[in-house]
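**Student:** Take a look at this one; I'll ask things after.
The values are calculated or read from the model by the stated rules, or taken from the named source; none is laboratory data. Every value quoted in this text rests on a predicted model; they were computed, and no experiment measured them. Counting neighbours? That spans all protein chains shown, and the Cβs are built from the backbone with ideal geometry, glycine included. Heavy atoms of the whole protein, side chains included, go into the accessibility calculation; ligands, DNA and RNA do not. Shrake-Rupley method; radii C 1.70, N 1.55, O 1.52, S 1.80 Å.
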Amino acid sequence: MDSKALFFLAILSLSLVSLTPAFAQSEESGANPAGLVMNFYKDSCPQAEDIITEQVKLLYKRHKNTAFSWLRNIFHDCAVQQSCDASLLLDSTRRSLSEKETDRSFGLRNFRYLDTIKEAVERECPGVVSCADILVLSGRDGIVALGGPYIPLKTGRRDGRKSRAEILEQYLPDHNESMSVVLERFASIGIDTPGVVALLGAHSVGRTHCVKLVHRLYPEVDPAFNPNHVEHMLHKCPDSIPDPKAVQYVRNDRGTPMILDNNYYRNILDNKGLLIVDHQLATDKRTKPYVKKMAKSQDYFFKEFGRAITILSENNPLTGTQGEIRQQCSVANKHH
């Protein structure tokens with residue numbers, strides 16, 4: 001998984017943000033009176049969540065890497081001020097660059113499968129379910145597909161009409177950011193230190209592209225790396241300047257690369273973290289105690305991960321009469 005994902009994550013990326021407080025006022029339409037609720041579509045489209053779950057399962061069987069993308073989407077969409085509005089999914093226009101085409105979104109893909117899910121929901125309930133809710137719920141179900149916990153998430157989000165590409169740099173820091181910056185930005189939306197440690201556990205799955213890793217390998221190997229892991233990385237990333245046309249990457253977790261589990265924490269404690277943020281997480285005195293605790297207990301990891309995803313997914317969404325319900329996730333209705 002690419003570093004910007006998952007807050008570099010994005011979530012990292014596990015992707016991380018200097019955000020306004022959760023549920024802050026939106027510039028699009030004043031206060032946020034309606035809020036989010038469980039099973040928002042129980043009357044307007046009772047089958048909505050079942051359809052999304054079914055589609056996620058079907059697509060995952062055909063294309064395993066979709067689950068990484070769905071998980072990462074939550075970070076990239078909801079970690080930006082006035083987001084959780086599916087602005088990530090909008091295509092570029094003559095006047096506006098899309099978020100998904102920026103450097104901060106490097107490696108994001110599989111958006112076409114969200115269109116597939118949207119089409120299935122539209123067949124059942126035209127014009128009712130937002131792309132923003134589909135994005136979040138597909139992420140929830142993608143986590144389950146990867147062996148992670150089921151996280152009950154509220155719905156009722158509405159779709160924004162514009163890209164936030166111009167402000168991504170403010171909210172989605174690079175994987176080389178200091179741990180202080182990471183902790184401060186998450187704290188601004190109510191995610192505490194154990195929540196940050198858990199969110200970065202999304203690096204348990206997916207891959208890191210060599211272009212994001214070679215600075216730790218060339219011209220000299222970072223001495224912080226476990227020597228037993230270096231040969232594999234050099235084999236996967238043989239060039240100091242990777243071929244931009246080649247898909248060169250290293251699996252984040254060689255042991256269980258397709259499973260969201262606490263093996264990530266054992267790896268980084270063993271100096272096998274690929275990104276600077278992974279290394280810092282295992283060595284910083286503020287985060288290391290939680291890394292050790294999650295390395296010992298997957299239940300604790302899942303508990304904190306679910307709590308943090310919930311907070312992130314509720315960060316300042318559009319609700320009520322704000323925004324719109326897009327007919328097509330890649331295009332605002334006024335341009336459709």
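**Student:** Name the long-range amide H neighbours of T155: under 5 Å, sequence gap of 5 or more, or other chain; modelled H, no Pro or chain starts.
**Tutor:** Residues meeting the amide H criterion: V37, M38, N39, F40.
**Student:** If you rank M258, M38, M294 by how much accessible surface each has, with a 1.4 Å probe, what is the order from largest down? Don't skip to the answer; put the middle values down first.
**Tutor:** Working: M258 60, M38 100, M294 0 Å².
Result of the area sort, largest leading: M38, M258, M294.
**Student:** In debye to the nearest 20, how big a dipole does segment 107-231 give about its Cα centre with +1 on each Lys and Arg Cβ and -1 on each Asp and Glu Cβ?
**Tutor:** On the way: 15 positive and 16 negative charges, 91 e Å.
My answer is approximately 440 debye.
**Student:** Give me the dipole magnitude in Debye, nearest 20, for the chain about the Cα centre, with unit charges on the beta carbon: positive for Lys and Arg, negative for Asp and Glu.
**Tutor:** Numbers: 42 positive and 40 negative charges, 97 e Å.
With only Lys, Arg, Asp and Glu charged at Cβ, the dipole is about 460 debye.
**Student:** Positive end of the charge dipole of the chain (Lys, Arg +1 and Asp, Glu -1 on Cβ, about the Cα centre): tell me which of S130, N316, V197 has its Cα farthest that way.
**Tutor:** V197
**Student:** Using unit Cβ charges (K, R positive; D, E negative) and no other charged atoms, how large, in debye to the nearest 20, is the dipole of segment 200-257 about its Cα centre? Walk me through the numbers on the way to the answer.
**Tutor:** On the way: 7 positive and 6 negative charges, 49 e Å.
Using Cβ point charges on Lys, Arg, Asp and Glu, segment 200-257 gives about 240 debye.
**Student:** Sorting T53, T155 by accessible area (1.4 Å probe), largest first, what list results?
**Tutor:** Working: T53 35, T155 0 Å².
Listed by decreasing accessible area, they come as T53, T155.
**Student:** Moving to a separate point now. Of the options T283, V230, L88, report the single residue whose Cα projects farthest towards the positive end of the charge dipole of the chain (beta-carbon charges: Lys, Arg +1; Asp, Glu -1).
**Tutor:** Positive-end residue among those listed: V230.
**Student:** Taking 28 Å as the cut-off for C-alpha to C-alpha distance, list the pairs among K154/K285; K118/K154; K57/K212; K61/K293; K100/K212 that go past it. Mind showing how you got there, number by number?
**Tutor:** Details: K154/K285 34 Å; K118/K154 18 Å; K57/K212 31 Å; K61/K293 33 Å; K100/K212 18 Å.
Correct reply: K154/K285; K57/K212; K61/K293.
**Student:** Here's another thing I want to ask about it. Ordered by packing density, taken as the mean number of other Cβ atoms within 10 Å over each peptide's residues, highest first, how do 127-133, 194-200 rank?
**Tutor:** Numbers: 127-133: 24.6, 194-200: 27.3.
Result, highest mean Cβ count within 10 Å first: 194-200, 127-133.
**Student:** So what's the net charge close to G142: Lys and Arg +1, Asp and Glu -1, counting the other residues with Cβ under 11 Å from its Cβ?
**Tutor:** On the way: positive: K57, K64, R72, R140; negative: D141.
Cβ neighbours under 11 Å give a net charge of +3.
**Student:** For the chain, which whole percent of the accessible surface, found with a 1.4 angstrom probe, sits on carbon and sulfur atoms?
**Tutor:** Numbers: 6810 of 13680 Å².
In the chain, the share of accessible area belonging to carbon and sulfur is 50 percent.
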